[in-house]
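The values are calculated or read from the model by the stated rules, or taken from the named source; none is laboratory data. Values in this document were obtained by computation on a predicted structure and should not be read as measured data. Heads up, the Cβs are rebuilt from the backbone with ideal geometry, glycines too, and the neighbour counts pull from every protein chain shown. We work out accessible area using only protein heavy atoms, side chains counted, and drop any ligands, DNA or RNA first. Shrake-Rupley method; radii C 1.70, N 1.55, O 1.52, S 1.80 Å.
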Amino acid sequence: MIDEAEPAARGAERSGHTRQGHGIAGAIARLSGWRRFGLGVGAGVLFALGHAPVGLPWFAFVALPLLVLLTGTAQRGRGAFAAGWSFGFGYLLIALHWIGHAFLVDAEAFAWMLPFALTGLPALLALFWGLASWAAWRVAPGGGPGTVIALAAALTLTEFARSHVLTGFPWALPGYVWIGTPLDQMAAWIGPHGLGLLTIALTALPFTAFATYRPRPATGVAATALIVFAGLWFAGSARLAAAPNTPSDATVLRIAQPNAPQHLKWDPEYAPLFYRRLLEATAAEPDAALGPPDLVIWPETAVAFLPEEQPEGRAQIAQAAAGAPLVLGALRRRTEAEGGGFANSLFVLGTEGAVTARYDKHHLVPFGEYVPFQSFFSALGVRQLAQRGRFVPGPGPMLTRASADIAPFLPLICYEAIFPHEIAAATGQTRPGWLLQITNDAWFGTLGGPQQHLAQAQLRAIEQGLPLVRAANTGISAVIDSHGRVTASLPLGVHGKLDAALPAALPATPYARFGDIPAIISCFLLFSAGFLMKLRYRAPRG
């Protein structure tokens, strides 16, 4: 991983555009060994602070240029790879720190895996960042605007790969730092990977231009990047200003949040308490302004019993709902004809308690709900975190109706909401009226995981132009409009009910129609442009 026995940059030669080793670019070019590695990790940590719960995206204007300069001034390909890997490791170490909480729920059984999860997963995923830096260095070394363009394209392609390889894990994508700002509206056109491409290019160009170019061309490059950034910010603000109001006859939803800590959720002494909280929230007096709910929603694995096998339990729930259909998450025992095992399911209960619709989660959580490469990991003593039986995936996404009077929704159970390409593919077949995510974020504590999960749900709403409703066991439950704004919410760590009107849906967005294809084509074009710029730019001498 450690580079640079000699500090000079590969292929360095004087050019009318370079500052020939002066300033920050020259200082970084002269770094070697652990200093380069430490700077890469530190820059990655800085970039991670752009994500929730800290939410300081402006750090990208410093962190990403440092990645570009470390990449471009590497002496050899392995040094460029080390630059990207060290940045990716620092970035994902902080952005994914919340994963460690899951291994402390049953600490006696799983705490030994905590160090491997906290460092092993970021180290593995950082390989995608290392590959991107190596590819950018091969095409456009030097650390200037050519490297920026090449790295933006390469990193977007490798993050696209990270979203798909081995079922994918598209958490903490670079563009997510802008969630909650007007710039996130661009996802309606270009999706999360297009937003990541813009993030890398527009935030890295100003700094690297002044670090490597003479003042006059540097000013032009930086000004162009900042003008484009400001224009996109203005366009996003204008789109938000034009957002429609919630219709007066909108469907009224009630979300019940029991606040069941994961270590107590299945405890026989506490499970009745959490069930009683759900019943009480469901039967509570309606909101004076909204009236009685048209639909009640409970979170993922809301009850400790199997609804299909407990008709008396379903009847009790229906009685509490007082004539409104109810959606809840629970486990389902699969029949022998289905191959046995359990499904993590969403059920729709009618007014009499009958199951009127059902959806089985199809994208399971690796190591949480199943163990990939089971024979290998089982030999190492690794088993799934959710010890409720063998989980089996469902057949795939499906449009679901709660009643004839309520628009159909696309169900998403927890983890499934982080996969924008799967949602785009599902909504492209038959467009729903809204998205419904039921989740149990109690696995991931209170700092980082739940906030980032909510932020991704906001971006899914923007991408599809559809409202998204989120029912979470311990929070954050929320109603999100089709522009990604939270219109109502219940915070972490409380139990109760949330009554809110379902926001209006928009026509299908460009991303809903075309998915990631335009962004990926743009990456290949920009990568080619970076190669052409290589002919005009060379790295500064150390």
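Summary table
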read-out: Selection count where residues are surrounded by fewer than 20 Cβ atoms within 10 Å (Cβ to Cβ) and within 16 Å of residue 185 (Cα to Cα), scope the stretch 486-512; value: 5
read-out: Which listed residue, of 282, 335, 301, is open to solvent by 20 Å² or more (accessible area, probe 1.4 Å) and of a type in the set (Val, Ile, Thr); value: 335
read-out: Output for the stretch 235-249, where each listed residue is modelled with pLDDT of 95 or more and either closer than 11 Å to residue 501 by Cα or of a type in the set (Phe, Trp, Tyr) (or both); value: none
read-out: Failed condition for residue 447, given (1) closer than 23 Å to residue 344 by Cα; (2) touching a residue at least 60 places away in the same chain (Cβ under 8 Å); (3) outside any helix (DSSP H, G or I); (4) open to solvent by 20 Å² or more (accessible area, probe 1.4 Å); value: (1)
read-out: The stretch 289-331: number of residues that are free of Cβ contacts under 8 Å to residues at least 60 places away in the same chain and more than 22 Å from residue 405 (Cβ to Cβ); value: 15
read-out: Of all residues making up the stretch 314-354, the number that are of a type in the set (A, V, I, L, M) and in a loop (DSSP other than H, G, I, E, B); value: 4
read-out: Which listed residue is in contact (Cβ under 8 Å) with a residue 24 or more places away in the chain, under 20 Å from residue 182 (Cα atoms), in a helix (DSSP H, G or I) and open to solvent by less than 20 Å² (accessible area, probe 1.4 Å), from 452, 458; value: 452
read-out: Unique match (being at pLDDT 95 or above, over 20 Å from residue 28 (Cβ atoms) and over 16 Å from the mean Cα position of the chain (by Cα)) among 195, 125, 173, 202; value: 202
read-out: Test for residue 254: is it under 25 Å from residue 472 (Cβ atoms), open to solvent by 70 Å² or more (accessible area, probe 1.4 Å) and either over 26 Å from the mean Cα position of the chain (by Cα) or among the basic types (Lys, Arg) (or both); value: no
read-out: Options 194, 144, 180; residue that is open to solvent by less than 20 Å² (accessible area, probe 1.4 Å) and more than 18 Å from residue 523 (Cβ to Cβ); value: 144
read-out: From the options 129, 134, 112, residue that is open to solvent by 10 Å² or more (accessible area, probe 1.4 Å) and closer than 19 Å to residue 36 by Cβ; value: 134
read-out: Pair list, Cβ < 7 Å and 6+ apart or interchain, from the stretch 464-492 residues that are part of a loop (DSSP other than H, G, I, E, B) to residues that are of a type in the set (Phe, Trp, Tyr) and open to solvent by less than 10 Å² (accessible area, probe 1.4 Å); value: 466/434; 467/434
read-out: Selection from the stretch 48-80 of residues that are buried (at least 23 other Cβ atoms within 10 Å of the Cβ), within 24 Å of the chain's Cα centre (by Cα) and not in a helix (DSSP H, G or I); value: 50, 51
read-out: Residue within the stretch 162-172 that is of a type in the set (A, V, I, L, M) and under 23 Å from residue 229 (Cβ atoms) present; value: yes
read-out: Matching helices (runs of 4 or more DSSP H) fully within the stretch 172-286 where at least 1 residues are free of Cβ contacts under 8 Å to residues at least 60 places away in the same chain and over 30 Å from residue 317 (Cβ atoms); value: 187-212, 215-241
read-out: Residue count, the stretch 147-177 (criterion: touching a helix residue (DSSP H, G or I) at 6+ places or on another chain (Cβ under 8 Å) and open to solvent by 20 Å² or more (accessible area, probe 1.4 Å)); value: 6
read-out: Filter result for the condition that a residue is buried (at least 22 other Cβ atoms within 10 Å of the Cβ), touching a residue at least 60 places away in the same chain (Cβ under 8 Å) and under 23 Å from residue 456 (Cα atoms), over 102, 83; value: 102
read-out: Within the stretch 338-353, considering residues that are in contact with a Lys or Arg (Cβ under 8 Å, 6 or more places away or on another chain) and open to solvent by 10 Å² or more (accessible area, probe 1.4 Å), the one farthest from residue 414 (Cα to Cα); value: 340
read-out: Any pair with Cβ under 8 angstrom, 6 or more apart, that starts in the stretch 143-163 at a residue that is in a helix (DSSP H, G or I) and ends at one that is surrounded by fewer than 24 Cβ atoms within 10 Å (Cβ to Cβ) and among the polar types (S, T, N, Q); value: 153/522
read-out: Some residue of the stretch 235-251 being under 26 Å from the mean Cα position of the chain (by Cα), β-branched (Val, Ile, Thr) and closer than 30 Å to residue 320 by Cα; value: no
